[in-house]
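Inspection log for the structure reproduced underneath, given as structure tokens.
Where a number appears in this text, it was derived from the coordinates with a stated rule and is not lab data. Here the structure is a predicted model, which means the values were calculated and not measured. Here the Cβ is made from the backbone with ideal geometry for all residues, glycine too, and neighbour counts use every protein chain on show.
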Amino acid sequence: MIEFILNNSKIRLKCDNFDTIREHFSVKDETARFRLKGRSRFAAPSRLYCITPTGLFEYGMFFDILTYIKKERPNDQIIIDDGILELVKPGLSECRVYDNLKHELRDYQKQALLKALNSGRGVLKMGTGAGKTLTIASLLMSVFTVNKNFKCLIIVPDLSLVSQTYSDFEEYNVLFKATRWTGKIKPDLTANVIIANLGILQSRFDDYDFLKYVDILVIDECHKLKKSNKINKMVEVINTNNKFGLTGTLPDNKVD
């Protein structure tokens, strides 16, 4: 029997032959010998794991782990705690794809948005020139049509993209209110959408406690998030389950 159990902000996997599953969701730790210099070579962990020794893992790993288990152990009984599916797939089912901005959506953008709204979270892989900002604008307009008071934080890598994203939204004629947040520009806290760069968040995130309770989080160039870096830890404490990343290149490191 295999159990998926809710455990505060994570899910716990409980089953026999657990180590085999945990090993599958791990990668070789190429930095171990540098980090543990001077210690016994026998004490250095050789791998990085996505599942802790006690079976805990992040919500976003659920479907990958479930798919692997069903493939490798098709005859095992699987028990999933009530509430887990709502957490791992917090779909925005009341929203419909909004396609009434200045520029019409392309077919692949519509498909991406439909999947994003149905899933409620995830990564949209979109290369350069694929229209990421228009896709974000349409996603947020899809939400705005059913909730005029929604709050969203958009994280972009640098200052220039704060202004560029804001200008693009104006050009697209979005109906929601957006604001910029940089070292020189204070955010308008009445706005639906706050566009902030990594630098200001790393220095001022704790000054704005309400950011931990936004309805939607959008991260542009989300491949910059690494397993243990500072921005990833901030993302973890933002309580919404509706988190979306956009990138043209997924990380090379499987754990990231």
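General observations
- Estimated inter-spin distance, E171 and K102, nm [label 7 Å along Cα→Cβ]: 0.7 nm
- The slack in the chain from E3 to S160, taken as 0.36 nm per residue of separation less the alpha-carbon distance, amounts to 51.8 nm.
- Relative contact order %, the chain, counting alpha carbon pairs below 8 Å whose residues are six or more apart: 18 percent
- Virtual paramagnetic centre 7 Å along Cα→Cβ of D256, amide N under 15 Å, in the stretch 136-169: 157
- For the stretch 204-249, the dipole from Cβ point charges (+1 on Lys and Arg, -1 on Asp and Glu) about the Cα centre works out to 280 debye, to the nearest 20.
- Distance from the stretch 205-256 to the stretch 105-176 (C-alpha centre basis), Å: 15 Å
- Over the chain - Rg/Rh using Cα atoms and the Kirkwood inverse-distance radius: 1.00
- Packing-based order for 92-100, 183-191, using average beta carbon neighbours within 10 Å, highest first: 92-100, 183-191
- Gain on full stretching of the segment that runs from Y68 to S203 - 0.36 nm per residue minus C-alpha separation: 44.6 nm
- Rounded tilt (10° steps) of 62-72 against the dominant C-alpha axis of the chain: 40 degrees
- Net charge over other residues, Cβ less than 13 angstrom from the Cβ of P251 (K, R count +1; D, E count -1): +2
- Stretching the chain fully between K110 and K14 yields a gain of 30.7 nm (0.36 nm per residue, less the alpha carbon separation).
- Bridges between two residues of the chain, per DSSP, are antiparallel at a rate of about 30%.
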